[in-house]
Amino acid sequence: MTLLGCIADDFTGASDLANTLAKGGMATTQFVGVPKGAAPAGCEAAVVALKTRSINAADAVRQSLEAADWLIAQGCEQFLFKYCSTFDSTPEGNIGPVAEALLDRLGADLAVVCPAFPATGRRLFMGHLFVGDKLLSESGMERHPLTPMTDPNIRRWLRLQTSNEVGLVELDTVRAGPDALAIAFSAERAKGVRLVVTDAVADSDLMTLGEALAGHRLVTGGSGIALGLPRNFLRAGKLATQATAKAVARGPAVVLSGSCSTASQRQVAAYLEGHPGLAVDPDKLMDGSLTVDIAAAWIAARDGAAPIVYSTADPSTVTDAQQKFGRAEIAGKVEHFFAGLARRLANDGVRRIVVGGGETSGAVVEALGVTSLGIGAEIDPGVPALVADRGGPLGLALKSGNFGSDDFFEKAVRQIGTP
Ligand code: ADP
């Protein structure tokens, strides 16, 4: 029976959350969209990844409720709505409308709102969100292209999106412990408040808060809010004490890097010191002299060497290609190439695929047609080893651009399976 059902408003946020829950000791599966079938046996935490952060509020509500209905059907006791730790939203939503709709659907009367994630500098004090030493509205987020965050007061910002008053529980109460928090939540309930912004500036605050949230039907927050939740299930004796044997991917490996971040440039350079590499030249993709067939044949000839195919390039090369072909055209072409190549390689027997780049990863996962991902050990902070079932175990690592140490690709290839 699945215990904790999570709804995430984007893909990389879902992975981050799944990683936190797995580290906390819960057997966790991440789903790409709302699944058709049941959760796999032994799944204690299910994370449904949606793409609802920047769509219109009515659609976000509809999709989130669909996910909630599926999670209810899996028997979940507690539900978590995960959004970004910078509270990415507009005065119309989508955090407020989705949270209120989930409260209604779950028959819950109150949910905390806590985007704090101290490990990445997101701290909430007196309901005001900080990024490092800056207020959210002075952190650069005020210029975000889709969700400009011009007010650091989360209570005030959320109130624009909701039908009810929004409450506040301050840090002093959090530090006074779970009993004080329970009293504060009851007081908010008595006022008719349904969403309560709750301060947290350190991981220890999130652990205290997590303890106080045992029994709350709905919890909302960034991935930090998940830190303290697994322990509640563990204490209640509900988690399997022995990890169920995980399927291990066995077979050839390949690395596909479509990210041009500075970290990716270092990671590709480091990996090329020990492995063969095929550089993807945008000119060749555009004129058809590099195709999926050609790249697949090049990889097949290097069986066993875990080669890398990369479009990773320095900023001036990328700018040149963008000026020549158009930014969207070249991005689409490169993503389409990696997606097609990944599908072709998986069909041909490659069993371990490491992908660099957030958009590139999304394109690859979609092309592979995998809809559920088992969460394994953490490779580097925020990036777990993943295993999908695609005619047997397929090991994956999906790394967004700036994550990972310089030797990430080498570690990932080894951690997601065996030759
Ligand atoms: P990151 O996580 O670093 O942002 P993404 O995969 O999300 O990486 O985004 C990188 C984008 O750049 C993708 O759309 C990809 O197709 C595109 N891209 C990759 N290589 C090149 C290149 N050499 N020239 C132009 N665009 C590229």
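Applying the criterion of being within 12 Å of the ligand (Cβ to nearest atom) and not small (Gly, Ala, Ser) to the residues of region 338-364, the residue that is most open to solvent (accessible area, probe 1.4 Å) is Glu359. Among the conditions (1) over 17 Å from Ala119 (Cα atoms); (2) over 23 Å from the mean Cα position of the chain (by Cα); (3) assigned to a helix (DSSP H, G or I), the only one that Pro230 does not satisfy is (2). Counting only residues that are buried (at least 16 other Cβ atoms within 10 Å of the Cβ) and either under 20 Å from Arg327 (Cα atoms) or among the small types (Gly, Ala, Ser) (or both), region 287-313 holds 8 of them. Of the helices (runs of 4 or more DSSP H) lying entirely inside region 138-224, those containing at least 2 residues that are in contact with a Cys (Cβ under 9 Å, 6 or more places away or on another chain) span 203-212. Taking the criterion of being open to solvent by 20 Å² or more (accessible area, probe 1.4 Å), within 7 Å of the ligand (Cβ to nearest atom) and of a type in the set (Gly, Ala, Ser), the only residue of region 316-331 that qualifies is Ala331.
Taking the conditions exactly as written (touching a residue at least 24 places away in the same chain (Cβ under 8 Å), away from the ligand (no atom under 12 Å from the Cβ), more than 21 Å from Lys51 (Cα to Cα) and among the hydroxyl-bearing types (Ser, Thr, Tyr)), does Thr418 satisfy them or not? Yes. Glu378 satisfies every condition listed in (1) within 15 Å of the chain's Cα centre (by Cα); (2) acidic (Asp, Glu); (3) within 13 Å of the ligand (Cβ to nearest atom) except (3). Taking the criterion of being open to solvent by 50 Å² or more (accessible area, probe 1.4 Å) and over 16 Å from Leu103 (Cα atoms), the residues of region 33-87 that qualify are Lys36, Ala38, Pro40, Ala41, Lys51, Ser54, Ile55, Asn56, Asp59, Ala73.
The values are calculated or read from the model by the stated rules, or taken from the named source; none is laboratory data. No experiment lies behind these values; they were computed from the predicted model shown. FYI the Cβ positions are ideal-geometry reconstructions off the backbone, even for glycines, and counts take in every protein chain you see. Side chains are part of the model used for accessible areas, which takes the heavy atoms of the whole protein and leaves out ligands, DNA and RNA. Shrake-Rupley method; radii C 1.70, N 1.55, O 1.52, S 1.80 Å.
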